[in-house]
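Here's the structure, in structure tokens; my notes come after.
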């Protein structure tokens, strides 16, 4: 089920060329939009097991970068900006702080370089949100070079952004805007996290 509030939100497309510095976007999301949660995606093989990654090494990178800040892991069919036609992804739910932001930028300072093909492999589709809000403040599909800042009436302070129309498939009415999300506990059966 798609989230109903998307029509009340202004979507600002981050341009593919001459886009604002990633550091500035992250800082704005944390300081002005009060983002406190980050979602990162890694695609799983057809088995859907949370240890069977399409690109080996992604999990190791995430755990090395954000050790102690990973709050939860979800297996999902869709997440903000993405709906898989088959298979599942593993969504890392990470506490988003100034320290997390610094670690993110030290690992890779370019937004659209956050891809599984990076060396070392990185998770994709960074999403920033504030717990309890009706919509995220940053949604990306990094391998497609797509990204949006979401606001109510506020206009982001970056040049080159275009007010965009929202496709209904970009946000889901599930746990953390994910579709068919299940909590993953390594070595145990998943339990449903639906609202």
Residues in region 92-125 that are assigned to a strand (DSSP E or B) and touching a helix residue (DSSP H, G or I) at 6+ places or on another chain (Cβ under 7 Å) total 5
From the option list 43, 63, 75, 30, single residue qualifying as loosely packed, with under 13 Cβ neighbours inside 10 Å, modelled with pLDDT of 90 or more, in contact with a strand residue (DSSP E or B) (Cβ under 8 Å, 6 or more places away or on another chain) and not in a loop (DSSP other than H, G, I, E, B) is 63
Restricting region 134-177 to residues that are in contact with a helix residue (DSSP H, G or I) (Cβ under 8 Å, 6 or more places away or on another chain), at pLDDT below 90 and not in a loop (DSSP other than H, G, I, E, B), the one surrounded by the most Cβ atoms within 10 Å (Cβ to Cβ) turns out to be 170
Query raised in the report: Within region 40-59, is even one residue closer than 20 Å to residue 25 by Cβ and in contact with a helix residue (DSSP H, G or I) (Cβ under 8 Å, 6 or more places away or on another chain)?
Result: yes
Selection from region 135-147 of residues closer than 16 Å to residue 110 by Cα and under 11 Å from the mean Cα position of the chain (by Cα) yields 138, 139, 140, 141, 142, 147
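Taking residue 97 as the residue in question, decide whether it is exposed (fewer than 13 other Cβ atoms within 10 Å of the Cβ) and more than 12 Å from the chain's Cα centre (by Cα). Steps first, please.
Numbers: exposed (fewer than 13 other Cβ atoms within 10 Å of the Cβ): no; more than 12 Å from the chain's Cα centre (by Cα): yes.
So residue 97 does not fit the description; no.
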Checking 17, 9 in turn, the sole residue that is out of contact with any helix residue (DSSP H, G or I) (no Cβ under 9 Å at 6 or more places or on another chain) and loosely packed, with under 13 Cβ neighbours inside 10 Å turns out to be 17
Those residues of region 46-60 that are outside any loop (DSSP other than H, G, I, E, B), touching a residue at least 40 places away in the same chain (Cβ under 8 Å) and surrounded by 15 or more Cβ atoms within 10 Å (Cβ to Cβ) come to a total of 1
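The values are calculated or read from the model by the stated rules, or taken from the named source; none is laboratory data. Bear in mind the structure is a predicted one, so any value in this text is a computation, not a measurement. Note that each Cβ is placed from the backbone with ideal geometry, even for glycine, and that neighbours are counted across all protein chains shown.
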